[in-house]
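Asks: Starting off with a structure, shown below.
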Amino acid sequence: MRPLIIFFSRAGENYVNGDLIHLETGNTERLVSFLREATDADVFRIEPEEPYPEDYMECTRVSKEEIRTGARPDLRAYLDSAESYDNIVVAFPIWWGTCPNIVLTQLERLNLRGKRIWPVITHEGSGSRKAVKALKKACPGARVMGSLAVHGAEVSVAEETVKAWGASRLSREENTTR
């Protein structure tokens with residue numbers, strides 16, 4: 001059975017190794033392209049109804065407020081069902097030490113009971129513990145599996161690592177034994 005990748009990524013001004021730089025493609029989206037190539041997964045991109053600010057500092061202010069208030073931003077489109085998938089990768093950047101609320105908006109609308117959720121995380125030094133905890137809460141009855149975390153500045157050299165991780169966990173042959 002083919003896996004599903006649900007992801008959120010943000011291009012534009014981003015913090016990378018202590019500097020603000022402009023990314024044409026977000027780091028998480030780049031990782032997803034590697035995973036897709038290795039696993040032939042179906043892909044659903046989470047996009048906000050109202051785009052996040054391109055300015056990094058303004059975006060961090062907005063995201064911090066979403067986390068503080070528990071907001072669930074509206075999406076341009078919603079995935080209605082994940083029923084036909086057993087393995088689901090949820091890929092996102094760490095924002096304020098956790099999963100962006102926009103990802104929770106989508107996950108909380110799905111029945112993921114009995115599914116295996118594989119977190120794939122990009123970060124600039126924050127840990128993923130709070131993010132995994134947020135995923136477990138948003139996906140009651142699902143099994144949140146071991147995550148893959150990649151430092152954003154290292155995405156360009158992580159292709160083989162990401163592909164090997166995906167192939168070992170999400171290949172069609174592996175799906176029949178896990």
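Asks: Restricting attention to segment 13-38, and to residues there that are at pLDDT 95 or above and of a type in the set (Ser, Thr, Tyr), which single residue is nearest to Glu160 (Cα to Cα)?
Replies: The residue in question is Ser33.
Asks: For segment 1-29, what are the residues that are small (Gly, Ala, Ser), surrounded by 17 or more Cβ atoms within 10 Å (Cβ to Cβ) and touching a helix residue (DSSP H, G or I) at 6+ places or on another chain (Cβ under 8 Å)?
Replies: Result: Ser9, single match.
Asks: Can you name the condition, by its number, that Ala164 falls short on among (1) out of contact with any strand residue (DSSP E or B) (no Cβ under 8 Å at 6 or more places or on another chain); (2) surrounded by fewer than 21 Cβ atoms within 10 Å (Cβ to Cβ); (3) at pLDDT 95 or above; (4) closer than 22 Å to Ile67 by Cα?
Replies: Only one criterion in (1) out of contact with any strand residue (DSSP E or B) (no Cβ under 8 Å at 6 or more places or on another chain); (2) surrounded by fewer than 21 Cβ atoms within 10 Å (Cβ to Cβ); (3) at pLDDT 95 or above; (4) closer than 22 Å to Ile67 by Cα is unmet by Ala164, namely (4).
Asks: Working only within segment 93-134, note down all residues that are in contact with a Ser or Thr (Cβ under 6 Å, 6 or more places away or on another chain), of a type in the set (Phe, Trp, Tyr) and within 25 Å of Ala167 (Cα to Cα).
Replies: none
Asks: Looking at segment 85-114, I want the residues that are touching a residue at least 24 places away in the same chain (Cβ under 8 Å) and under 19 Å from Ser128 (Cβ atoms) and have a partner that is in a loop (DSSP other than H, G, I, E, B) and β-branched (Val, Ile, Thr) with Cβ atoms under 7 Å, at least 6 apart or on another chain. Which pairs are those?
Replies: Pairs that qualify, where the first residue is touching a residue at least 24 places away in the same chain (Cβ under 8 Å) and under 19 Å from Ser128 (Cβ atoms) and the partner is in a loop (DSSP other than H, G, I, E, B) and β-branched (Val, Ile, Thr), are Ile102/Ile46; Val103/Ile46; Gln106/Ile46.
Asks: From the set of residues in segment 30-44 that are under 29 Å from Asn17 (Cα atoms) and touching a strand residue (DSSP E or B) at 6+ places or on another chain (Cβ under 7 Å), which is surrounded by the most Cβ atoms within 10 Å (Cβ to Cβ)?
Replies: Result: Leu31.
Asks: I need the full set of residues from segment 108-140 which are in a strand (DSSP E or B) and either small (Gly, Ala, Ser) or at pLDDT 95 or above (or both), in order please. Let's see the steps before the verdict.
Replies: Kept after step one, since they are in a strand (DSSP E or B), are these residues of segment 108-140: 116-123.
Once the filter is applied, which keeps residues that are in a strand (DSSP E or B) and either small (Gly, Ala, Ser) or at pLDDT 95 or above (or both), segment 108-140 yields Arg116, Ile117, Trp118, Pro119, Val120, Ile121, Thr122.
Asks: Looking at Arg76, Arg72, Arg61, which is the one that is more than 29 Å from Met145 (Cβ to Cβ), basic (Lys, Arg), surrounded by fewer than 16 Cβ atoms within 10 Å (Cβ to Cβ) and out of contact with any Lys or Arg (no Cβ under 6 Å at 6 or more places or on another chain)?
Replies: Answer to the selection: Arg61.
Asks: With the condition kept exactly as written, say whether any residue in segment 61-73 is touching a Phe, Trp or Tyr at 6+ places or on another chain (Cβ under 7 Å), closer than 25 Å to Leu110 by Cα and touching a residue at least 60 places away in the same chain (Cβ under 8 Å).
Replies: Scanning segment 61-73, I find no residue that is touching a Phe, Trp or Tyr at 6+ places or on another chain (Cβ under 7 Å), closer than 25 Å to Leu110 by Cα and touching a residue at least 60 places away in the same chain (Cβ under 8 Å), so the answer is no.
Asks: Give just the number: which of (1) at pLDDT below 95; (2) under 18 Å from Met1 (Cβ atoms) does Ile88 not satisfy?
Replies: Just one mismatch for Ile88, condition (1).
Asks: Under the condition of being part of a loop (DSSP other than H, G, I, E, B) and within 14 Å of the chain's Cα centre (by Cα), which residue from segment 89-107 is surrounded by the most Cβ atoms within 10 Å (Cβ to Cβ)?
Replies: The qualifying residue surrounded by the most Cβ atoms within 10 Å (Cβ to Cβ) is Cys99.
Asks: Within segment 141-157, track down each residue that is out of contact with any His (no Cβ under 7 Å at 6 or more places or on another chain), in a helix (DSSP H, G or I) and touching a residue at least 40 places away in the same chain (Cβ under 8 Å).
Replies: Across segment 141-157, the qualifying residues are Ala153, Val155, Ser156.
Asks: While we're on this one: Take segment 12-46 and flag every residue that is under 12 Å from the mean Cα position of the chain (by Cα) and over 16 Å from Val155 (Cα atoms).
Replies: Across segment 12-46, the qualifying residues are Val43, Phe44, Arg45, Ile46.
The values are calculated or read from the model by the stated rules, or taken from the named source; none is laboratory data. This is a predicted model, so every value here is computed, not measured. Positions of Cβ are generated from backbone atoms using ideal geometry, with glycine treated the same way; all protein chains shown enter the neighbour counts.
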